[in-house]
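The values are calculated or read from the model by the stated rules, or taken from the named source; none is laboratory data. Just so you know, these numbers come straight off a predicted model, no measurement behind them. So basically every Cβ, Gly included, is an ideal-geometry build from the backbone, and we count neighbours across all protein chains shown. SASA here: full protein model, heavy atoms, side chains in, ligands and nucleic acids out. Shrake-Rupley method; radii C 1.70, N 1.55, O 1.52, S 1.80 Å.
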Amino acid sequence: MTQTEIQEILKKQKEYFATGATLPVKARIDALKKIHAYIKAHEKEITDALTADLGKSALEGFMCEAGLVLGEISYMLKNIKKFARDERRATPITNFAAKSFVKKSPRGAVLVMSPWNYPFLLTMDPLVDALAAGNTVVVKPSAYSANTSRVIAELIQNCFAPEYVAVVTGGRAENQCLLEQKFDYIFFTGSQAVGREVLRKAAENLVPVTLELGGKSPCIIDKTANIKLAATRIVWGKFLNCGQTCVAPDYILCHESVKYEFVESLIKQIVTQFGDDPLNNPTYGKIINQKHFERLCSLIDSSKVVCGGKSDASKLKIEPTVMTNVTWDDAVMGQEIFGPVLPILTYKTDEEMLEIVNSRQKPLALYLFTSNKKLEKTVLSRCSFGGGCINDTIVHLATNNMGFGGVGESGMGAYHGKVGFDTFSHKKSIVDKKTWIDVNMRYQPYTGFKEFLLRMFLK
């Protein structure tokens, strides 16, 4: 798509927004119902596209993408009237007589840029939140997940006029062109490297942003943890989508006293969940492309592999791989892994563990497996991270009742449910002053009894 075409799309969206057509709650509800009905009617096309791009089974594609989008829409439909309602606030006596309230207004014409790893979910969820809040939207799905991007384009073109919701496909040239435009808001999900470029471009136009990034999310195994259950839940969370999940456990930080038991349980669980030959398991996913496949293979040190390690370039598949005796000098610890490779490090004391976590960039997620409530409280209080779980992995993002987002290098802003509605809204603080009385304390001259009253009310 050319620069002129993109500029024309944004121009028409701003004109359409200015008409007020997106403001009525009924119009927003109608838009969400269109998406919901389309997904229900075209579920197989969506899951087939996810299989083609990432090797996801139909059930995984529904469970982790299409089904979660349906859940977000249902949640919004149930609560949108409440979310959109003005919120009353107390009025201080200094503003007598008045009514104070917060009015939620859509931001305007917004841009949603999504990644390839959960291409349907991470495109549609922010789109749902943006439409619920009353915006027009330009969607830019990833070029890497071409099959899913095509399905998304078909969905949007069938459900909406381009002045309301438009899709721009393509690669870096289209991304750069979009970032040159003056949108009213940008919502980006992707890598830290691209996130920096998005933020830099947005700053040039003073466009506010939400950045959903990533990082090396630690998974801590305390000596009091239920080891077998921990292994079960970690194997599921780490190797879901072949490890290509922004909140997947990136590395294990295991108390040295339970390392052997934990590694044995991990290996057993990998066999239980993926079989003796994962490379030929049709429900086990694949790496998105050759570039990422080769990058991941370069991170595997065969001398430290205790499980897995094999790969099939023709299928872009890498076995669930566990590495032990890993140090921070190993290549696998120098970057976010974003694949089915799980390195294990150990620690001796709680203070050592806290120092390891807190001396690195703030992660998008942190997971702690423990039965020690004191340690749980300490980790949650002293470690900075986007969100996480106690005695589980990943599931914290699958709720509409809490926001999901990063902190520091792992992102800024959040979405899901009401938090998502608020992200795509501007909250106007309004004081509605009455005209039947006018208390003149604030007017000059400030002398005598006025000064006394002002000091009494304002101190």
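Of all the criteria given as (1) more than 30 Å from GLU60 (Cα to Cα); (2) of a type in the set (Phe, Trp, Tyr); (3) open to solvent by less than 90 Å² (accessible area, probe 1.4 Å); (4) not in a helix (DSSP H, G or I), the one not satisfied by PHE385 is (1). All of THR22, THR51, THR91, THR4 fail the test of being open to solvent by 40 Å² or more (accessible area, probe 1.4 Å) and part of a loop (DSSP other than H, G, I, E, B), apart from THR91.
Within the option set ASP438, ASP392, being surrounded by fewer than 19 Cβ atoms within 10 Å (Cβ to Cβ), among the acidic types (Asp, Glu), in a loop (DSSP other than H, G, I, E, B) and more than 25 Å from the chain's Cα centre (by Cα) holds for one residue only, ASP438. Could you look through the range 239-258, keep only residues that are in contact (Cβ under 8 Å) with a residue 60 or more places away in the chain, touching a strand residue (DSSP E or B) at 6+ places or on another chain (Cβ under 7 Å) and over 24 Å from VAL194 (Cβ atoms), and pick out the one that is surrounded by the fewest Cβ atoms within 10 Å (Cβ to Cβ)? In this case the residue turns out to be GLU256. Sub-7 Å Cβ pairs linking a first residue in the range 42-66 that is within 14 Å of PRO282 (Cβ to Cβ) and without any contact (Cβ under 8 Å) to a residue 60 or more places away in the chain to a second residue that is charged (D, E, K, R) and open to solvent by 10 Å² or more (accessible area, probe 1.4 Å), at least 6 apart or interchain, number zero. Across the range 259-274, the qualifying residues are those that are surrounded by fewer than 21 Cβ atoms within 10 Å (Cβ to Cβ) and hydrophobic (A, V, I, L, M, F, W, C), and the one among them that is farthest from ASN289 (Cα to Cα) is VAL263. Filtered by the rule that a residue be part of a helix (DSSP H, G or I) and touching a strand residue (DSSP E or B) at 6+ places or on another chain (Cβ under 6 Å), the range 402-426 gives a lone residue, THR423.
Mind counting the residues in the range 213-260 that are part of a helix (DSSP H, G or I) and of a type in the set (Lys, Arg)?
We begin by selecting, within the range 213-260, every residue part of a helix (DSSP H, G or I); these are 227-243, 256-260.
Next, only the ones that are of a type in the set (Lys, Arg) stay: 228, 233, 238, 259.
Of the residues in the range 213-260, 4 are part of a helix (DSSP H, G or I) and of a type in the set (Lys, Arg).
Quick one: which of LEU366, LEU354 is crowded, with 17+ Cβ neighbours inside 10 Å and not in a helix (DSSP H, G or I)?
On the way: LEU354 fails: not in a helix (DSSP H, G or I).
None of the others qualify; the one that does is LEU366.
Residues that are assigned to a helix (DSSP H, G or I), over 19 Å from the mean Cα position of the chain (by Cα) and in contact (Cβ under 8 Å) with a residue 12 or more places away in the chain within the range 75-88 comprise LEU77, ASN79, ILE80, LYS81, PHE83, ALA84, listed in sequence order. Confirm whether THR399 is within 30 Å of ARG88 (Cβ to Cβ), open to solvent by less than 60 Å² (accessible area, probe 1.4 Å) and either assigned to a loop (DSSP other than H, G, I, E, B) or among the basic types (Lys, Arg) (or both). Against the criterion (within 30 Å of ARG88 (Cβ to Cβ), open to solvent by less than 60 Å² (accessible area, probe 1.4 Å) and either assigned to a loop (DSSP other than H, G, I, E, B) or among the basic types (Lys, Arg) (or both)), THR399 qualifies. Of all residues in the range 176-204, how many are under 19 Å from the mean Cα position of the chain (by Cα) and polar (S, T, N, Q)? So the answer is 3. Cβ-Cβ distances below 7 Å connect the following pairs, each with a first residue in the range 407-421 that is without any contact (Cβ under 8 Å) to a residue 24 or more places away in the chain, a second residue that is open to solvent by 10 Å² or more (accessible area, probe 1.4 Å) and not in a strand (DSSP E or B), and a separation of six or more residues or different chains: VAL419/GLY403.
Among the numbered conditions (1) modelled with pLDDT under 95; (2) within 19 Å of PHE160 (Cα to Cα), the only one that ILE93 does not meet is (2). Restricting the range 280-303 to residues that are open to solvent by 20 Å² or more (accessible area, probe 1.4 Å) and either part of a loop (DSSP other than H, G, I, E, B) or aliphatic (A, V, I, L, M) (or both) leaves a set whose member that is farthest from LYS228 (Cα to Cα) is ASN289.
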